[in-house]
1. Report, by residue number, each residue of the stretch 20-50 that is within 19 Å of the chain's Cα centre (by Cα), among the aliphatic types (A, V, I, L, M) and over 15 Å from residue 5 (Cβ atoms).
2. Counting just the residues of the stretch 65-82 that are among the basic types (Lys, Arg) and modelled with pLDDT under 75, which one comes out surrounded by the most Cβ atoms within 10 Å (Cβ to Cβ)?
3. For residue 11, work out the one condition from (1) assigned to a loop (DSSP other than H, G, I, E, B); (2) modelled with pLDDT under 90; (3) surrounded by 10 or more Cβ atoms within 10 Å (Cβ to Cβ) it doesn't fulfil.
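The values are calculated or read from the model by the stated rules, or taken from the named source; none is laboratory data. It should be emphasised that the depicted structure is a prediction, and the values quoted were computed from it without experimental measurement. Here the Cβ positions follow ideal geometry from the backbone for every residue, glycine too, while neighbour counts run over all protein chains shown.
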Amino acid sequence: MPTIICDNAGYDSAELVSNLRSAISNGDSEAGLNMFVGKVDNMKEMGITECLRVKEQALASATEAAEMILRVDDIVRCAPRKREG
């Protein structure tokens with residue numbers, strides 16, 4: 001996700017994501033991407049908070065929706081009607 005966000009914002013995603021990973025591995029659990037200035041910043045100081053449970057539920061819902069779409073394609077495919085001559 002951070003790579004896509006950086007690319008969409010027009011920043012160098014490889015650099016920003018590596019900086020973010022470095023900050024997180026150094027113990028900064030509040031690190032995140034500040035897309036206003038294009039750098040890694042403290043999300044708590046910026047007032048950005050998200051619940052992990054909400055992210056997990058959104059991902060689960062998206063997965064279920066994709067699975068249902070794929071299943072509908074299988075259901076729609078049925079034997080063709082016999083042609084009458």
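1. Selection gives 24 alone.
2. Among those residues, the one meeting the criterion is 77.
3. Tallying (1) assigned to a loop (DSSP other than H, G, I, E, B); (2) modelled with pLDDT under 90; (3) surrounded by 10 or more Cβ atoms within 10 Å (Cβ to Cβ), residue 11 fails exactly one: (2).
Residue-by-condition table, conditions (1) surrounded by 10 or more Cβ atoms within 10 Å (Cβ to Cβ); (2) at pLDDT 90 or above; (3) among the β-branched types (Val, Ile, Thr):
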{"residue": "1", "(1), (2), (3)": "no, no, no"}
{"residue": "36", "(1), (2), (3)": "no, yes, no"}
{"residue": "42", "(1), (2), (3)": "yes, yes, no"}
{"residue": "48", "(1), (2), (3)": "yes, no, yes"}
{"residue": "54", "(1), (2), (3)": "no, no, yes"}
{"residue": "58", "(1), (2), (3)": "yes, yes, no"}
{"residue": "62", "(1), (2), (3)": "yes, yes, no"}
{"residue": "84", "(1), (2), (3)": "no, no, no"}
